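Visitor: Please see the structure below; I have some questions.
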Amino acid sequence: MTVTDQDRMVCGVHLSEDERSVIILDQTQLPNRQVWLTLNTSEELCDAIRRLSVRGAPAIGICAGYGIYVLAQQIRKDDTAEFRALLEKQAEELVSTRPTAVNLSWAAKRMLNVINSNIDLPVSQIRTLLREECIRIHDEDIQMCYAISEYGLSLVKPGDGILTHCNAGPLATSRYGTALGPILLGKEQGIDFRVFSDETRPLLQGARLTSYELQKAGVDVTLICDNMASLVMKNGWVQACFVGCDRIAANGDFANKIGTSGVAILARHYGIPFYTLGPTSTIDMNCPTGDEIRIEQRDPDEIRTMWYKEPMALPEVKCYNPAFDVTDHSLLTAIVTDRGIVYPPFDVNLKKLFASEEG
Ligand code: MRU
């Protein structure tokens, strides 16, 4: 698939026309308002990622790529080493905003590698190469999502019920999405599914974003509370679970939005295939198992007060608010990537996936 300027400009994260800012669709305002934000400074970029104005593993990677390019244009240094030192510091700040999704550090590393591999070039030329790299990161994501969507579509049949958790649609990526990709690509091809979207407490990405994206696309979507998934499965309404991922370890364990592992356990109980769909940029072969994945802890007020007219708990009540959990690879039917569908044993087959790319 060839990516055009137009393909990039319609995405929820893109470069401004003058290429001086990153433009994002503020996901915290959806589904009620479409508000576009213009991000120029390191603080604005970090804040937008931390607040989840831009969220979803691939989308924050794309934002980091563009962000580093935008910041690179503001550094007034002619000495490449000085330029690199300043940009490295800003990239580190960006990466520290969210620790679990690997795409953020993966994209920042790619941008910094451009400088390291061209350290003898003048800063002006390095800026041009950084521009090309951030656009490449975005284009690759669009292409990877399309490939994932095609592979995912081969796993289900028309009319199937698909349950999803959190949001792994175009808003969380570039176009099509990962977990929602097969459903949206299917819709384009006249194939209909019935989708059950977990609301996804506490930040309601399923309610605010997934049901929004699917409804707008004309997909048959039913929003359910997280604790209804078991009954929906028991009723025989779900033939497959499709979820995204924030980091896949080398043994197939993977981190995704809190609650994902519970869905996987339920799916195993009811004999429903459970898939995670993600680009190869989300596979971290340097992370041996899920035990090594750092889980982001978030503000307790997301549970107590956020999204409510009145607090839902006493302010002094203790809350535990991990943003992600790790699903054990034993619960996973397959990993759907842009390079194909990976089945167990994941430790062996994930290695093969990367070996085939190198070979
Ligand atoms: O905290 P979030 O909303 O960024 O969490 C997002 C998820 O867990 C997604 O499922 C994951 O990033 C995959 S997005 C294609």
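Visitor: Identify, please: which residue in the range 100-134 is among the polar types (S, T, N, Q) and part of a helix (DSSP H, G or I) and is, among those, surrounded by the fewest Cβ atoms within 10 Å (Cβ to Cβ)?
Guide: Looking only at the range 100-134, we keep the residues that are among the polar types (S, T, N, Q), and these are 100, 103, 105, 113, 116-118, 124-125, 128.
Checking the rest, the ones that are also part of a helix (DSSP H, G or I) come to 103, 105, 113, 116, 124-125, 128.
On the way: ASN103: 29, SER105: 20, ASN113: 11, ASN116: 10, SER124: 8, GLN125: 12, THR128: 11.
Once the filter is applied, the top-ranked residue is SER124.
Visitor: I'd like to verify a number: residues in the range 110-128 that are out of contact with any Lys or Arg (no Cβ under 9 Å at 6 or more places or on another chain) and closer than 18 Å to GLY61 by Cβ, how many? Even if it seems obvious, please write down each step before you answer.
Guide: Of the residues in the range 110-128, the ones out of contact with any Lys or Arg (no Cβ under 9 Å at 6 or more places or on another chain) are 111, 113-114, 117-118, 120-122, 124-125, 127-128.
Applying the additional criterion that residues be closer than 18 Å to GLY61 by Cβ yields 111, 113-114.
The number of residues fulfilling the criteria is 3.
Visitor: When the residues of the range 37-82 are filtered to those that are touching a residue at least 24 places away in the same chain (Cβ under 8 Å) and among the basic types (Lys, Arg), which remaining residue is nearest to LEU180 (Cα to Cα)?
Guide: ARG55
Visitor: Look at the range 9-51 and say how many of its residues are assigned to a helix (DSSP H, G or I), of a type outside the set (A, V, I, L, M) and within 24 Å of GLY206 (Cα to Cα). Lay out the reasoning, then the answer.
Guide: Quick first cut of the range 9-51, residues assigned to a helix (DSSP H, G or I) only: 9, 27-29, 42-51.
Within this subset, residues satisfying the condition of being of a type outside the set (A, V, I, L, M) are 27-29, 42-44, 46-47, 50-51.
With within 24 Å of GLY206 (Cα to Cα) added as a condition, the list becomes 27-29, 46-47, 50-51.
Summing the residues that are assigned to a helix (DSSP H, G or I), of a type outside the set (A, V, I, L, M) and within 24 Å of GLY206 (Cα to Cα) in the range 9-51 gives 7.
Conditions (1) surrounded by fewer than 19 Cβ atoms within 10 Å (Cβ to Cβ); (2) closer than 27 Å to SER53 by Cβ; (3) touching a residue at least 60 places away in the same chain (Cβ under 8 Å), marked per residue:
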| position | (1), (2), (3) |
| --- | --- |
| THR164 | no, yes, yes |
| ASN167 | no, yes, yes |
| PRO170 | no, yes, yes |
| GLY186 | no, no, no |
| ILE191 | yes, no, no |
| GLU199 | no, yes, no |
| LEU209 | no, yes, yes |
| ASN227 | yes, no, no |
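Visitor: VAL54: within 13 Å of the ligand (Cβ to nearest atom) and crowded, with 24+ Cβ neighbours inside 10 Å, yes or no? Outline the logic, then answer.
Guide: Details: within 13 Å of the ligand (Cβ to nearest atom): yes; crowded, with 24+ Cβ neighbours inside 10 Å: yes.
Spelling it out, VAL54 is indeed within 13 Å of the ligand (Cβ to nearest atom) and crowded, with 24+ Cβ neighbours inside 10 Å.
Visitor: Assuming ARG294 fulfils every condition listed in (1) charged (D, E, K, R); (2) part of a helix (DSSP H, G or I); (3) closer than 30 Å to ASP139 by Cβ apart from one, which condition is it?
Guide: For ARG294, the exception is condition (2).
Visitor: Looking at the range 331-359 only, could you name the residues that are in contact with a Gly (Cβ under 6 Å, 6 or more places away or on another chain) and either more than 16 Å from the ligand (Cβ to nearest atom) or open to solvent by 40 Å² or more (accessible area, probe 1.4 Å) (or both)?
Guide: The one that is in contact with a Gly (Cβ under 6 Å, 6 or more places away or on another chain) and either more than 16 Å from the ligand (Cβ to nearest atom) or open to solvent by 40 Å² or more (accessible area, probe 1.4 Å) (or both): PHE346.
Visitor: If you check ARG247, ARG268, which single one turns out to be among the basic types (Lys, Arg), in contact (Cβ under 8 Å) with a residue 12 or more places away in the chain, closer than 28 Å to LYS352 by Cβ and away from the ligand (no atom under 16 Å from the Cβ)?
Guide: Going through ARG247, ARG268 in turn, the sole match is ARG268.
Visitor: Give the residue that is farthest from GLY252 (Cα to Cα), with candidates limited to residues of the range 304-330 that are within 14 Å of the ligand (Cβ to nearest atom) and modelled with pLDDT of 95 or more.
Guide: Filtering first and then ranking leaves ASN321.
Visitor: With in contact (Cβ under 8 Å) with a residue 60 or more places away in the chain, buried (at least 16 other Cβ atoms within 10 Å of the Cβ) and touching a Lys or Arg at 6+ places or on another chain (Cβ under 6 Å) as the only criterion, which of ILE137, ILE142 stands out? Explain how you work it out, then say what you get.
Guide: Details: ILE137 fails: touching a Lys or Arg at 6+ places or on another chain (Cβ under 6 Å).
Matching residue, one of ILE137, ILE142: ILE142.
The values are calculated or read from the model by the stated rules, or taken from the named source; none is laboratory data. Here the structure is a predicted model, which is why all the values come from computation and not from measurement. In this analysis, Cβ positions are derived from the backbone assuming ideal geometry, glycine residues included, and neighbour counts consider all displayed protein chains. Surface areas here come from the heavy atoms of the whole protein model, side chains and all, with no ligands, DNA or RNA. Shrake-Rupley method; radii C 1.70, N 1.55, O 1.52, S 1.80 Å.
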